[in-house]
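Inspection log for the structure reproduced underneath, given as structure tokens.
The values are calculated or read from the model by the stated rules, or taken from the named source; none is laboratory data. Computed from a predicted structure; not experimentally measured. Glycine also receives a Cβ, built like all others from the backbone with ideal geometry; neighbour counts cover every protein chain displayed.
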Amino acid sequence: MNPLVLGSSPSGPTNLPSTGVLACRSAVAREWFEKHPANWEASYSVKLLARLEANVFPWLGDHPIRDIKPPELLSVLRRVESRGVLETAHRLMNYCGNIYRYAVATGRAERDISSDLRGASPPSTPQHHASVTDLEGVAALLRAIDGYRGSNVVGSLGPHGRLKFLSA
């Protein structure tokens, strides 16, 4: 018998789950997320899930993860880039890669499609912030902080707390 007539794949069974709820993008992502929080700081976990919920799940969350194509993921990343937050787009692609690798390992995707998108996004340019690097500048900064009387928060640090605050 012809395997195509029966509706099966000519290459044999794929062992991938059907396109049910457990194989959708957001369900796989949440499952991956639940496996890792012990290794993460609480604030990182909150930010990671919030980024996925705000930027990925609304557009791809209900789609079966194995049916999502690289251009669809790229269009989601382009939405983020269009807001001018390239670093967030890069982080989202990294998260998506982790989620896809988890989906491959659990048999819900055939491969990590995020690897096809490497180099598709423009690089983010680091923003350098002003810093005091010479001893005279550090001394002047410490004197200015010590002389500041405008807030209880700074005043409550005391002289030793201010030094710890600066070195953190």
- Message: Can you tell me how many residues within the range 95-132 are under 22 Å from E53 (Cβ atoms), part of a helix (DSSP H, G or I) and touching a helix residue (DSSP H, G or I) at 6+ places or on another chain (Cβ under 6 Å)?
- Response: 9
- Within the range 87-118, how many residues turn out to be within 17 Å of the chain's Cα centre (by Cα) and of a type in the set (G, A, S)? 5
- Task: Quick one: count up the residues across the range 62-77 that are in contact with a helix residue (DSSP H, G or I) (Cβ under 8 Å, 6 or more places away or on another chain) and in a helix (DSSP H, G or I).
- Result: 9
- Has the range 44-61 got at least one residue that is of a type in the set (G, A, S), part of a helix (DSSP H, G or I), modelled with pLDDT under 90 and more than 14 Å from the chain's Cα centre (by Cα)? no
- Test each condition in (1) free of Cβ contacts under 8 Å to residues at least 40 places away in the same chain; (2) buried (at least 16 other Cβ atoms within 10 Å of the Cβ) for A105 and report the one that comes out false. (2)
- Note on the structure: Looking across the range 116-168 at residues that are in contact with a His (Cβ under 9 Å, 6 or more places away or on another chain) and surrounded by 11 or more Cβ atoms within 10 Å (Cβ to Cβ), the single one that is modelled with the lowest pLDDT is S124
- Task: Read through the list (1) surrounded by fewer than 18 Cβ atoms within 10 Å (Cβ to Cβ); (2) under 17 Å from S115 (Cβ atoms); (3) of a type in the set (A, V, I, L, M), then give the number of the only condition that A54 fails.
- Result: (2)
